[in-house]
Amino acid sequence: MSHTGSSGGQPGPQRTTDRAATLSEPTRAYAELVAGNRRFVDGAPRHPNQDAGHRAAVADGQHPFAVIVGCSDSRLAAEIIFDRGLGDLFVVRTAGHTAGPEVLGSVEYAVTVLGTPLVVVLGHDSCGAVQAARESAATGTAPSGHLRAVVDAVLPSLRRAEAEGVDDIDGIVDIHIAQTVETLLGQSPVLADEVALGRCAVVGVSYRLSAGAVRPVAAVPAGFAMLENPAGSPESTDPAAATTV
Ligand SMILES: [Zn+2]
């Protein structure tokens, strides 16, 4: 993995040339994502692992270091916002990062078959799926077609937000991200077991469309995301703090 240790851009424990030691456990996987997002925010992406040589090198097998369960929003392309390349991220995207059986099965495949040590739920501000669910709940009307399944999957997050007295859209998005983390773990005993054994962690992060930065809003085990965020707070909604994640 030439992006680590070769160009000297990363401090501390990431300065190693041993791929397994660098990326095979949750903390270092999360640090890789945070570092890539920082490069993207700073306008200094390296576009690692996107060259023809790497394409050929990974053709025989994949060992992604993170699963991304993200919203399908066109502005939320995982490899771009985390500055990664081929073979790095196992990406599952649905509108509003709703997590039905196929999503759960895909996550379980990555975690158990591919040995991926980190699952990231990736939501964002101004999420259209959350807004659609909010409008549906407000008007008492359900959308037509299969869009209803998306709205129905978001409604529990709206009820939770209401119970907690949260009514701004971005606050609701944060709750929906946390709810999705809980859904993954609650609906997938396979994933929950991997987390209990310390082989995997699940983090929910919120992305700001304009700034390009992510900040953690939920993590299992609790406090996990703080490991690589000494200057920030997972609960903070301050955009300035988001850039320090
Ligand atoms: Zn969205």
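Annotations for the structure displayed:
- Computed Kirkwood radius, in angstrom, where 1/r is averaged over Cα pairs of the range 34-101: 12.9
- 5 angstrom amide H check on residue 201, placed H, neighbours 5+ away: 118, 119
- Two-decimal Rg/Rh across the range 151-194, once Rg and the Kirkwood Rh are taken from alpha-carbon atoms: 1.06
- Environment charge of residue 200, counting only residues whose C-beta is closer than 11 Å and scoring Lys/Arg +1, Asp/Glu -1: -3
- Put simply, the amide H of residue 217, placed in the peptide plane, has neighbours under 5 Å in 204, 205, 206, leaving out anything fewer than 5 places away on its chain.
- Where the range 56-153 is the region considered: accessible area per residue in Å², 1.4 Å probe: 43
The values are calculated or read from the model by the stated rules, or taken from the named source; none is laboratory data. Since the structure is predicted, the reported quantities are computational estimates derived from the model, not experimental observations. All Cβ positions, even for glycine, are placed from backbone atoms using ideal geometry, and neighbour counts span all protein chains on display. Remember, those area values only see protein heavy atoms, side chains included, never the ligands or the DNA or RNA. Shrake-Rupley method; radii C 1.70, N 1.55, O 1.52, S 1.80 Å.
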